[in-house]
Amino acid sequence: MKESDLERRFRVLHWQKDHEENHRERLKGRAIGSQFEQRRSFASYVERLTDLFSNWVTGGTTNRLANDGTQNDLLQFILDKAKSNNDTVSTIAQRVLGLNFAAIHTTSVLFQTATHALTRLAEHPELLAPLRDEIEKSIAAEGGWTHAALANMWKLDSLLRETLRFHGIGLLEMGRKAMKDLTLRDGTFLPRGTIVHTAAHALHHDSAVLEHADVFDAFRYARMRTAGRGAGAKLQFSATTTSPEYLPFGHGAHACPGRYFADNVLKAVIAHLILKYDMKLGGDGVRPADVFIAMGVLPAPQSRVLFRPRKHGGDPGQ
Ligand code: HEM
C-alpha cells in the first residue's frame, strides 16, 4: 500500500521517539524555556486582552460589537463572525493574538534566518568571494536585480537552504491536532485531541538522511543541483522545495505559502550585504552555539558580526 504524505510525516515523528535520547544529549544545557512557560505567558496575555476588550468591544463610544457600519477592518470582521457564532470575548482575544503572531512572525523569522546565515558567513569569510562572483555574474547576465537573477544564484540559495536545514526556526514543526480518533495505515492510533509535530530539527541533523548532517556545508546543495540531471533535479534542492526530509517550511497542503517571498527577500538582503561589506565574527572569533527557547532555535544573543565596507566593492545594481 502506498504511504500517504501524512503517514510519512508521522513516520518522522516515530523517528524522533527512537532518537530522543541522542537528541536530548545534543540540546543539554541550551534550552532556556519550556513550552509550559510559553503557554502560561500566552494565558496571561489572553486574560489581559480579554479585560481590555470587554470594556472596549461592548461599551464606550464605539460599541463595535453592535457594528454601526462605520468600521470596515479586520477587527470588525472578527467581531461580526464572533457575534454570529456567539463566541466569548476570550475567544476574540485569542484570535487577535493569533493574528498578531502571524503578522509579526512572518517578518521575524526572516530576520532570524538572515541572522543565522550572516553568523555563518562571518564564521566562514572564505565563502564571500565565490558568492560575490556568482551575484555579480547573475546581475550582469539579467541586467539588474531581477527575479531571474536571484533564481540563478545557486550558491546563495544553497547557503539559505543549508541555514534553514541546520538551524531552521524550530525544533519541532507542523503541529497538528487529531480532531477525531485516527488510525494510521501502519496501525498507529492517535486518540482525538492528540497533538503531534514533526521532529524537524532532529531529522535535519540525522546523517542517515543526509550525509554529514552535523556539518554546516554552505554549498552542499549547489553541488547537488549541479550534479542533478533535468529541470526537476535542479529544483529539488532549492531552498523553497519542501520534502519529507526537508521541513523548515513544512510540507504538503499547508506548506508555507510565503516561502517564495521569504527566499527572494533573504537573497536580496544578504546578496546586498555580501557585495557591500567584508564580514567576520566579533568577540572571541568563535560562533556561539544556538540557544533554544521552548521550541525556537535562535542565534545566541551574544553573537557578534563585524561589517567593514569594501574599498572597491560595490553593488552593480545601483
Ligand atoms: C524564513 C521564513 C519563513 C519560514 C522558515 C516559515 C515557515 C513556516 C512553517 C514551518 C509553516 C507551517 C507549515 C505547516 O504547519 O505545515 C508556515 C506556515 C505559513 N507561513 Fe511561513 N515561514 C516563513 C516566512 C513566511 C512569510 C514571509 C509569510 C508571508 C508573507 C509566511 C506565511 C505563512 C502562512 C500564511 C502559513 C500558513 C499556511 C497554512 O496553514 O496553510 N511565512 N511557515
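The values are calculated or read from the model by the stated rules, or taken from the named source; none is laboratory data. Model, not experiment: these values are computed from the prediction. Virtual Cβ from ideal backbone geometry, glycine too; neighbours counted across all protein chains shown. What goes into the accessible areas is simple: the full protein's heavy atoms, side chains included, and nothing from ligands, DNA or RNA. Shrake-Rupley method; radii C 1.70, N 1.55, O 1.52, S 1.80 Å.
Taking the condition among the aliphatic types (A, V, I, L, M), part of a helix (DSSP H, G or I) and open to solvent by 80 Å² or more (accessible area, probe 1.4 Å), does Ile104 pass?
Working: among the aliphatic types (A, V, I, L, M): yes; part of a helix (DSSP H, G or I): yes; open to solvent by 80 Å² or more (accessible area, probe 1.4 Å): yes.
Against the criterion (among the aliphatic types (A, V, I, L, M), part of a helix (DSSP H, G or I) and open to solvent by 80 Å² or more (accessible area, probe 1.4 Å)), Ile104 qualifies.
Taking segment 225-243 on its own, how many of its residues are among the hydrophobic types (A, V, I, L, M, F, W, C), touching a residue at least 60 places away in the same chain (Cβ under 8 Å) and more than 10 Å from the ligand (Cβ to nearest atom)?
1
Report the residue count in segment 228-243 for those that are among the basic types (Lys, Arg) and surrounded by 10 or more Cβ atoms within 10 Å (Cβ to Cβ).
So in segment 228-243, the residues among the basic types (Lys, Arg) come out as 229, 234.
So of that shortlist, the ones also surrounded by 10 or more Cβ atoms within 10 Å (Cβ to Cβ) come out as 234.
Summing the residues that are among the basic types (Lys, Arg) and surrounded by 10 or more Cβ atoms within 10 Å (Cβ to Cβ) in segment 228-243 gives 1.
For residues in segment 213-227 being touching a Phe, Trp or Tyr at 6+ places or on another chain (Cβ under 7 Å) and open to solvent by 20 Å² or more (accessible area, probe 1.4 Å), which is farthest from Lys155 (Cα to Cα)?
Phe216
Filter segment 107-146 down to residues that are over 23 Å from Tyr260 (Cβ atoms), open to solvent by 50 Å² or more (accessible area, probe 1.4 Å) and in contact with a helix residue (DSSP H, G or I) (Cβ under 8 Å, 6 or more places away or on another chain), then give me how many there are.
Total satisfying the criteria: 1.
For the subset of segment 244-262 comprising residues that are open to solvent by less than 30 Å² (accessible area, probe 1.4 Å) and more than 9 Å from the ligand (Cβ to nearest atom), which member is nearest to Leu210 (Cα to Cα)?
Tyr246
Tell me which of these Lys155 doesn't satisfy, since it passes every other one: (1) charged (D, E, K, R); (2) in contact (Cβ under 8 Å) with a residue 40 or more places away in the chain; (3) open to solvent by less than 30 Å² (accessible area, probe 1.4 Å).
With respect to (1) charged (D, E, K, R); (2) in contact (Cβ under 8 Å) with a residue 40 or more places away in the chain; (3) open to solvent by less than 30 Å² (accessible area, probe 1.4 Å), Lys155 is out only on (3).
Considering only segment 263-279, state which residues are within 9 Å of the ligand (Cβ to nearest atom) and β-branched (Val, Ile, Thr).
Val265 - this is the single residue of segment 263-279 that is within 9 Å of the ligand (Cβ to nearest atom) and β-branched (Val, Ile, Thr).
Pick out the one residue from Ala149, Ala93 that is at pLDDT below 95, in contact with an Asp or Glu (Cβ under 9 Å, 6 or more places away or on another chain) and crowded, with 21+ Cβ neighbours inside 10 Å.
Of Ala149, Ala93, the one residue that is at pLDDT below 95, in contact with an Asp or Glu (Cβ under 9 Å, 6 or more places away or on another chain) and crowded, with 21+ Cβ neighbours inside 10 Å is Ala93.
Inside segment 246-275, can you point out the residues that are over 18 Å from His124 (Cβ atoms) and in contact with a strand residue (DSSP E or B) (Cβ under 8 Å, 6 or more places away or on another chain)?
Correct list: Leu247, Pro248, Gly250, His251, His254.
Conditions (1) touching a Pro at 6+ places or on another chain (Cβ under 9 Å); (2) at positive phi; (3) within 16 Å of the ligand (Cβ to nearest atom), marked per residue:
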site: Ala151; (1), (2), (3): no, no, no
site: Leu156; (1), (2), (3): no, no, yes
site: Gly168; (1), (2), (3): yes, yes, yes
site: Met179; (1), (2), (3): no, no, yes
site: Leu184; (1), (2), (3): no, no, no
site: Phe189; (1), (2), (3): no, no, no
site: Arg192; (1), (2), (3): no, no, no
